[in-house]
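Input: a single structure, listed below in structure tokens.
The values are calculated or read from the model by the stated rules, or taken from the named source; none is laboratory data. It should be emphasised that the depicted structure is a prediction, and the values quoted were computed from it without experimental measurement. Here the Cβ positions follow ideal geometry from the backbone for every residue, glycine too, while neighbour counts run over all protein chains shown. The accessibility values were calculated without ligands, DNA or RNA, using every heavy atom of the protein model including side chains. Shrake-Rupley method; radii C 1.70, N 1.55, O 1.52, S 1.80 Å.
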Amino acid sequence: MSTKITYTKQGDYNLPDLKLPEQDEREIGIWGARRRRYLKEHHRILYYNLLTSCKLHDHLADVNEEATEMYERLVKQFANTENVTEQLKAENQMEWVEKMNNINSCAREIVFSEIICTI
């Protein structure tokens with residue numbers, strides 16, 4: 001298999017015409033962005049290996065999907081455990097908001113520690 005490299009002249013230099021491979025247009029989302037920030041700050045080698053091998057976008061999209069599913073599942077489980085229902089929402093909105101904020105915060109922390117910060 002031979003690969004022909006073409007060049008474009010820019011001033012006095014011949015620059016290769018490089019193209020990145022096609023990638024899926026999957027959404028990265030908030031969890032993918034948090035994962036990217038975590039890798040960039042704490043695991044630079046892994047971040048740059050994924051980036052240069054054109055696997056970073058797919059990795060971040062996979063993490064986003066997994067984290068979103070886990071977050072939604074945890075919120076439902078915690079709401080059932082804490083007995084946070086639509087009836088509570090109708091009867092006492094402030095208590096419902098307080099409990100849901102606590103549940104959302106706990107679920108975010110669990111997802112962050114279990115998925116975002118693991119290698």
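Quick one: would you say LYS40 is of a type outside the set (Ser, Thr, Tyr), outside any helix (DSSP H, G or I) and open to solvent by 90 Å² or more (accessible area, probe 1.4 Å)?
When the stated conditions are applied, LYS40 does not pass them.
Please go through (1) open to solvent by 50 Å² or more (accessible area, probe 1.4 Å); (2) assigned to a loop (DSSP other than H, G, I, E, B) for ASN80 and return the number of the only condition it doesn't satisfy.
ASN80 satisfies every listed condition except (2).
Has segment 83-93 got any residue that is farther than 15 Å from THR118 by Cβ, open to solvent by 50 Å² or more (accessible area, probe 1.4 Å) and β-branched (Val, Ile, Thr)?
Checked against the condition, which is being farther than 15 Å from THR118 by Cβ, open to solvent by 50 Å² or more (accessible area, probe 1.4 Å) and β-branched (Val, Ile, Thr), segment 83-93 yields at least one hit.
Hey, among GLU109, GLU22, which residue is farther than 30 Å from LYS4 by Cα and either exposed (fewer than 15 other Cβ atoms within 10 Å of the Cβ) or of a type in the set (S, T, N, Q) (or both)?
GLU109
Any idea which of (1) exposed (fewer than 14 other Cβ atoms within 10 Å of the Cβ); (2) touching a helix residue (DSSP H, G or I) at 6+ places or on another chain (Cβ under 8 Å) is the one ASN104 doesn't satisfy?
(1)
Taking the condition out of contact with any Lys or Arg (no Cβ under 7 Å at 6 or more places or on another chain), exposed (fewer than 12 other Cβ atoms within 10 Å of the Cβ) and at positive phi, does GLY11 pass?
Considered against the rule, which asks whether it is out of contact with any Lys or Arg (no Cβ under 7 Å at 6 or more places or on another chain), exposed (fewer than 12 other Cβ atoms within 10 Å of the Cβ) and at positive phi, GLY11 comes out as yes.
Among the residues of segment 1-37, which ones are within 12 Å of ASP58 (Cα to Cα) and assigned to a loop (DSSP other than H, G, I, E, B)?
The answer is GLU22, GLN23, ASP24, GLU25, ARG26, GLU27, ILE28.
Being open to solvent by less than 100 Å² (accessible area, probe 1.4 Å) and not β-branched (Val, Ile, Thr) is the filter; apply it to segment 25-34 and report the residue that is nearest to the chain's Cα centre (by Cα).
It comes out as GLY32.
Does any residue of segment 4-25 turn out to be modelled with pLDDT under 95, out of contact with any strand residue (DSSP E or B) (no Cβ under 6 Å at 6 or more places or on another chain), among the aromatic types (Phe, Trp, Tyr) and over 21 Å from ARG108 (Cβ atoms)?
Scanning segment 4-25 turns up at least one residue that is modelled with pLDDT under 95, out of contact with any strand residue (DSSP E or B) (no Cβ under 6 Å at 6 or more places or on another chain), among the aromatic types (Phe, Trp, Tyr) and over 21 Å from ARG108 (Cβ atoms).
Pull up segment 66-77, narrow it to residues that are open to solvent by 60 Å² or more (accessible area, probe 1.4 Å) and over 14 Å from the mean Cα position of the chain (by Cα), then point me to the one that is nearest to GLY32 (Cα to Cα).
Taking the candidates together, the pick is GLU72.
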